[in-house]
Amino acid sequence: YMQDTNPGGDAIRLFGPKDTVIEDCYFRSPGRAVHCAGPVGSTYGTVIRRIQGDGGAVNAIFCNGGERVTDVDLIQDDPSLSGERSSHGFYIHSGADDVTIDGMRITNARKYAGQTYGEDVGTFTDRCTLRNIEVKNCKNGLIVSSSQVSAARPRDLLIENCSFENIYDSSGAIVMHTVERGLLRNITVKGVPRR
């Protein structure tokens, strides 16, 4: 996918199919490399592996529930350190359960390297695993938050074997709000400014 002239479009958008496999792909400047869209869980079972993305993605990988993401390299290129054209490496949507990201390298994200965000009141984002993620030269690391305390807060979240280097405008490499049963294990942090 080589769309240098219109960086706002989705390279691959799934709207309803389950158990889709996306592998061995290269994306240049998509709005999203892979966008699992539609109602939460409607693209359950999507496998995303051996993906390389270069250029400014708003959300390079947008997860909707049930995704298995492995071996992904994302290098974003926004020359503005806070322009946010290269916004997120990955985004786990409100209420998206059973997402596993295992083996991702994110460089130069200008908002968050990764985000799990809850908006839907009275629901949870259950059983998400973020493992073997390397984050370098990003504005912020990983953020796990909700629009309000009762909105799709994460439950049974595992973050392990992750490293963060040169997170240049951050309140932390990992920021978590309102998480139930979260476990962080084997985390390495180097070069995060004090706030």
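Give me the 1.4 Å probe accessible area per residue for the chain, excluding ligands and nucleic acids, in Å². Display every interim value, and only then the final one.
Details: 8340 Å² over 195 residues.
Dividing the accessible area of the chain by its residue count gives 43 Å².
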So what's the gap between the Cα centers of the stretch 139-191 and the stretch 1-63, to the nearest angstrom?
23 Å
When we measure straight from the Cα of K111, which lysines land under 20 angstrom away, once same-chain ones fewer than 8 places off are left out?
K136, K139, K190
What FRET efficiency comes out for S171 versus T129 if R0 is 35 angstrom and r is the Cβ-Cβ distance? Round to the nearest 0.05.
0.90
Whole-number percent relative contact order across the chain, with pairs defined as alpha carbons under 8 Å at least 6 apart
14 percent
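Report the per residue volume, in Å³, of the convex hull enclosing the C-alpha atoms of the stretch 105-179.
Values: hull volume 5.6 nm³, N = 75.
Given the Cα convex hull of the stretch 105-179, per-residue volume reads 74 Å³.
Counting alpha carbon pairs within less than 8 Å and at least 6 residues apart, what relative contact order, in whole percent, applies to the stretch 81-195?
Working: 354 pairs, mean separation 27.4, N = 115.
Computed over the stretch 81-195, the figure is 24 percent.
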Using a Förster distance of 35 Å, how high is the FRET efficiency between V21 and S80, based on the Cβ-Cβ distance and rounded to 0.05?
0.50
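For the stretch 54-140, state the average projected area of the convex hull of the C-alpha atoms over all orientations, rounded to one decimal in nm². Please report the intermediate quantities before stating the final value.
Details: hull surface 20.6 nm².
If you wrap the Cα atoms of the stretch 54-140 in a convex hull and average its projections, you get 5.2 nm².
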Mind listing the Cα extents of the chain along all three principal axes, in Å, largest one first?
41, 40, 27
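The values are calculated or read from the model by the stated rules, or taken from the named source; none is laboratory data. Keep in mind that what you see is a predicted model, and the values were worked out from it rather than measured. Positions of Cβ are generated from backbone atoms using ideal geometry, with glycine treated the same way; all protein chains shown enter the neighbour counts. These accessible areas exclude ligands, DNA and RNA; they are computed on the full protein's heavy atoms, side chains included. Shrake-Rupley method; radii C 1.70, N 1.55, O 1.52, S 1.80 Å.
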